[in-house]
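K.L.:
My structure is below; once you've seen it, I'll send some questions.
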Amino acid sequence: MTDLRIAIVGFGKIARDQHLSAIAATPGATLAAVASRNASLPDLPHFATIEELLEQGPPIDAVSLCTPPQVRRAQAAAALAAGKHVMLEKPPGTSVAELDPLIAMAADAKRTLFATWHSRHAPAVEPARAWLATRRIKSVHINWKEDVRIWHPGQAWIWEPGGLGVFDPGVNALSILTRILPRPVFVTAAELAFPSNCQAPIAANLTLTDLAGLPVTAEFDFRQIGPQSWDILVEADQGQMTLSRGGRIMAVDGKVVADAPDEEYRELYHRFVELAATGASDVDLAPLRLVADAFLLGRRTLVEPFVV
Ligand code: NAP
């Protein structure tokens, strides 16, 4: 079987930090081109836009869209129309409904649409899911707090409509939550703190539950100074389970039971190659729906302006 020839579109932080090395390490995947307005790679065909890539570029089978969410729908539609498989960075869109026509396009064209949730591939997520499957869960708390200046330098798009603000990392926590819990949860209340000069929240507190009344709370904050936290704490009838470092480490009653190297993006590309072999799609919108519902239900407060 020949390699899946992939072009990265939007060569920014995550493309550099993760996609490049993950493609290089994935059997059956080859990086064939880059489309980015201001960035290129030596010895690789480069185009400023996805339109130029699709019209003038070398033969490719797939695109990996690493651009901000606000521009990805149009890019995904152009790529699918050109017969390419499409991998979407998270979140898959700026709205839930905009994914429907893309899913339909991919099915009609027999091409893959893969909406990735990299945090679901963190090494302790599946062990946590297995542990919770056999226990009675009493409560869940998410503590997801990071310093936006460290993790999102110069990313003005994150503060614009559709940029999600603190839900940009927060949706990662929700992608894990919706994977490890045995039943679907939904948002019942939200408090959203908007900087007075921004269109997206800098902090959010969510209350969620399921049909059995499970109490789930989440605290997301972009203003964290000092230790950063990407933790999910679960009280169960047989102990307390902690999933920390974004799903990398699982502990039960303080004792580490799962800790392995992070191979999230290698797993994503392995899955992309697998899906593209048959043109199947994988699009789970559950985490994005929770974010959308937080915006629907959210009680808003204005806080001090965000200054870089
Ligand atoms: P980023 O550093 O801002 O990179 C995105 C790149 O897309 C930019 O460098 C830019 O490259 C291009 N771009 C920006 N605006 C564009 C526009 N209007 N039209 C076309 N291209 C545009 O952002 P990022 O951190 O890589 O994040 C990208 C996506 O990956 C986000 O959805 C984010 O949630 C997700 N993600 C990020 C991380 C992380 O740690 N940063 C982790 C996981 C997932 P050019 O100027 O060269 O066109």
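The values are calculated or read from the model by the stated rules, or taken from the named source; none is laboratory data. What you see is a predicted model, and the numbers here were worked out from it, not measured in a lab. All Cβ positions, even for glycine, are placed from backbone atoms using ideal geometry, and neighbour counts span all protein chains on display. Protein only, heavy atoms only, side chains kept; ligands, DNA and RNA dropped before computing areas. Shrake-Rupley method; radii C 1.70, N 1.55, O 1.52, S 1.80 Å.
K.L.:
What's the long-distance tail for the chain, i.e. % of Cα pairs beyond 36 Å?
P.N.:
Beyond 36 Å sits 18 percent of the P(r) for the chain.
K.L.:
Based on the Cβ-Cβ distance from ALA133 to ILE225, what FRET efficiency comes out when R0 is 45 Å, to the nearest 0.05?
P.N.:
After rounding to 0.05, the efficiency reads 0.75.
K.L.:
Still on this model: Does anyone have the angle between helix 99-109 and the longest principal axis of the chain? Alpha-carbon axes, 0 to 90°, nearest 10?
P.N.:
Result, in degrees: 40.
K.L.:
Right, here's the next one. With +1 assigned to the C-beta of every Lys and Arg and -1 to the C-beta of every Asp and Glu, and no other charges, what is the dipole magnitude of the chain about the Cα centre in debye, to the nearest 20?
P.N.:
320
K.L.:
For TRP159, what charge total do you get from the other residues with a beta carbon under 13 Å from its beta carbon, if Lys and Arg give +1 and Asp and Glu give -1?
P.N.:
-1
K.L.:
Counting only protein heavy atoms and using a 1.4 Å probe, what share of the accessible area of the chain belongs to carbon plus sulfur, as a whole percent?
P.N.:
53
K.L.:
Oh, and also: Residues in the stretch 63-78 near a label at ILE150, defined as backbone nitrogen under 13 Å from the 7 Å Cα→Cβ point?
P.N.:
none
K.L.:
If you fit an axis through the alpha-carbon atoms of helix 286-297 and take the longest principal axis of the Cα set of the chain, what angle between them do you get, 0 to 90°, nearest 10?
P.N.:
Tilt relative to the chain: about 60 degrees.
K.L.:
Need one word for the stretch 85-235: rounded, prolate or oblate. Basis is the Cα gyration tensor (sqrt eigenvalues a ≥ b ≥ c); a/c below 1.5 gives rounded, then a/b vs b/c decides.
P.N.:
Oblate is the answer for the stretch 85-235, as a/c is 1.5 or above yet b/c matches or exceeds a/b.
K.L.:
Would you work out if the stretch 1-60 is rounded, prolate or oblate? Take a ≥ b ≥ c from the square roots of the eigenvalues of the alpha-carbon gyration tensor; rounded if a/c is under 1.5, else prolate when a/b is larger than b/c, oblate otherwise.
P.N.:
Note, shape of the stretch 1-60 comes out oblate.
K.L.:
What number comes out for the charge environment of LYS145, summing +1 per Lys or Arg and -1 per Asp or Glu over other residues with Cβ under 12 Å away?
P.N.:
Summing Lys/Arg as +1 and Asp/Glu as -1 gives -4.
K.L.:
Let me ask something else. Tell me what the chain gives for mean residue ellipticity at 222 nm when only DSSP H runs of n ≥ 4 count, each as -39,500 (n - 2.57), the sum divided by the residue total, rounded to 500 deg cm²/dmol.
P.N.:
When only DSSP H runs of four or more count, the value is -8000 deg cm²/dmol.
K.L.:
Further, regarding this structure: Out of LEU65, VAL9, SER95, whose Cα points farthest toward the positive end of the dipole of the stretch 1-120 (charges: +1 Lys, Arg; -1 Asp, Glu; placed on Cβ)?
P.N.:
Ranked along the dipole, the leading option is SER95.
K.L.:
Sequence neighbours fewer than 8 away in the same chain don't count; with that in mind, list the aspartates and glutamates whose C-alpha is under 19 Å from LYS145.
P.N.:
Candidates past the 8-residue exclusion: ASP168, GLU191, GLU219, ASP221, ASP231, GLU304.
K.L.:
Here's another thing I want to ask about it. Angle, helix 167-180 long axis vs. longest principal axis of the chain, Cα atoms, 0 to 90°, nearest 10?
P.N.:
Here the helix axis deviates by roughly 70 degrees.
K.L.:
Sticking with this one: Given a 1.4 angstrom probe, what's the average accessible area per residue across the chain, in square angstrom?
P.N.:
Here the per-residue accessible area is 45 Å².
K.L.:
Which of rounded, prolate or oblate describes the stretch 197-269 when judged by the alpha-carbon gyration tensor and an a/c cut-off of 1.5?
P.N.:
Oblate, since a/c reaches 1.5 and b/c is not below a/b.
K.L.:
While we're looking at this one, here's another question. In percent, what relative contact order does the chain have, based on Cα pairs under 8 Å that are 6 or more apart in sequence?
P.N.:
21
K.L.:
Something else about it: VAL256 to ARG37: FRET efficiency via 1/(1 + (r/R0)^6), r the Cβ-Cβ distance, R0 45 Å, to the nearest 0.05?
P.N.:
Calculated value: 0.55.
K.L.:
Considering all projection directions equally, how large on average is the shadow of the alpha-carbon convex hull of the stretch 115-172, in square nanometres?
P.N.:
Projected over every direction and averaged, the Cα hull of the stretch 115-172 covers 5.6 nm².
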